[in-house]
Amino acid sequence: MTQASFDIVVFGATGFTGQQVAAYLDEFAEAPLRWAIAGRSAGKLEALRNSLTARPEIIVADAEDDSAIDGLVARTRVILTTAGPFARYGEALLRSCARRGVDYVDITGETPWVRRMIDRYQTTATASGAKIVPFCGFDSVPSDLCAWLLSEHFRSLGKTTREVRAFHRAQGGINGGTIASMVNMLGSTDRHAFDDPLLLNPDALRSADEALANRDPALPVYDPDLRTWVAPFFMAPINTRVVRRSHALLSQWQQPYGPRFRYQEYWDLGAPMPLAAATAAAFGMGLMQSAMRIPGAARALAAIAPAPGDGPSEDAMDGGFFECRALGIADDGTKGWALIEGEGDPGNRATVKFVSESALALAVNRDALPGGRNRAGLLTPATAFGDVLVQRLRRRGVTIECPTDQGSE
């Protein structure tokens, strides 16, 4: 790769999430980091630039113009993209990064699209040295880091990890871009791939027996360690696949979590009548997923949902929170807890922090990342960043503890 003009380019910078990312980098990017904003509207980019202290350079490029996208990628070391739905607008950018050896992060939760990108560009990215890291938002940084932290904790004790169960609590809003991505994914022809619990695993580590053992829960369950009823978590069909890919990749690199590793996650509603609340949540989630697969249902939701570019108010985003508590069980029965929590709603404030710090880790701390420069291809947050991201997030106010005794409060 020739000498790049920029360390990070934010693509989709004028969207609802992209503007927040630009503001975050404006405040927290380490000097003398060079960054730019990019998108298809010169006018909107100019307005955004004028609102930022750093006055970053502008790059105009349409996601569907392969030549413009390739020219953009050639100018940077890292691409941070928030421009979804990624199945519609993401491939040219990812492909160019994979070919040119440019690092890449995004906030997608579109697992079928990422599966296609793995099939098409894993070999290319590995050969070029590009670290391609999807899922760097709320889906799926807390889940992936919690499972990794617990595995590392048990490894330090000379033990292997048999099981991790994560429990989520959250409050916040949703923006139009997220809904557009969900609608596009569940309305696509490959939407049934969403149900495969091993969707993101390398082919050699996918089997019918393993898929059955890792199938998604559909009903509320009583968790004896949390001592309450919990429901299936609505983001589990994304997060669990990412955690399982982390384990699968690390297994290929002789660093598995454990030979019988299993991962699931749940929604801890914290309700006064937990069984009733968990039952209602499980029923509602199942009904929504079934309804969204009816032809035309996705388009009907899109018609009434917030448009891309719209989202919650500043007060609503600031008033949210997220919490991921995870229980790990080693093969000898030893238990441990991990906790990741923070202020600000998960889909916006937390996602912006996670993806921005992921990009900064690539731009500033690349030589300290796990696996060094030889670890490339389509990675996960845990396998790409490990403790580097943990420390960066801690410095920005995210509570990350492992082990912790907060699991059974």
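Structure data summary
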{"item": "Alpha-carbon centroid distance for the pair segment 231-258 / segment 2-19, whole angstrom", "result": "29"}
{"item": "Which of Gly173, Gln252, Thr82, positive extreme of dipole for the chain (C-beta unit charges)", "result": "Gln252"}
{"item": "Solution diffusion estimate, µm²/s, Stokes-Einstein, segment 26-93, Kirkwood Rh from C-alpha pairs, 10 °C, viscosity 1.306 mPa s", "result": "123"}
{"item": "Calculated from backbone phi, Karplus (6.51, -1.76, 1.60) coupling profile of segment 213-220 in Hz, x at Gly/Pro", "result": "5, 10, 4, 5, x, 10, 10, x"}
{"item": "Gap separating the Cα centres of segment 367-409 and segment 50-127, nearest whole Å", "result": "23"}
{"item": "Around Met117: net Lys/Arg minus Asp/Glu count, Cβ-Cβ under 12 Å", "result": "0"}
{"item": "Accessible area of Lys159 in the full protein assembly, 1.4 Å probe (Å², nearest 10)", "result": "60"}
{"item": "Cross-link partners of Lys44 among lysines (Cα-Cα below 24 Å; sequence separation of 8 or more within a chain)", "result": "Lys353"}
{"item": "Using alpha-carbon coordinates, inclination of helix 91-100 to the longest axis of the chain, degrees", "result": "80"}
{"item": "Kirkwood hydrodynamic radius (C-alpha pairs) into Stokes-Einstein, segment 63-113, 25 °C and 0.890 mPa s, D in µm²/s", "result": "225"}
{"item": "Accessible-area ranking of Asp195, Asp209, largest first, probe 1.4 Å", "result": "Asp209, Asp195"}
{"item": "Charge context of Leu45, other residues only, Cβ under 13 angstrom, K/R +1, D/E -1", "result": "+1"}
{"item": "For the chain, accessible area per residue (1.4 Å probe, heavy atoms of protein chains only), Å²", "result": "41"}
{"item": "Among (i) 18.8; (ii) 19.9; (iii) 17.4, the entry derived from the coordinates for mean projected area of the Cα convex hull in nm²", "result": "(i)"}
{"item": "Protein accessible area in the chain, 1.4 Å probe - carbon and sulfur %", "result": "52"}
{"item": "Chain lengthening between Phe234 and Trp253 when straightened (0.36 nm per residue, less Cα-Cα)", "result": "3.8 nm"}
{"item": "Amide H partners (placed H, <5 Å) of Leu199, local residues excluded", "result": "none"}
{"item": "Beta bridges per DSSP with both ends in the chain, % antiparallel, nearest 5", "result": "50"}
{"item": "Karplus-derived 3J(HN,Hα), 6.51/-1.76/1.60, for each residue of segment 143-153, Hz, glycine and proline x", "result": "4, 5, 6, 4, 4, 5, 4, 5, 4, 5, 4"}
{"item": "Under 17 Å from the Cα of Lys335 - lysines, other chains or at least 8 residues apart", "result": "Lys159"}
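The values are calculated or read from the model by the stated rules, or taken from the named source; none is laboratory data. Only a predicted model underlies this, so the values are computations on that prediction, with no experimental measurement involved. Please note: Cβ atoms are built from the backbone with ideal geometry, for glycine as well, and neighbour counts cover all protein chains shown. Accessible surface areas use protein heavy atoms only, side chains included; no ligands, DNA or RNA. Shrake-Rupley method; radii C 1.70, N 1.55, O 1.52, S 1.80 Å.
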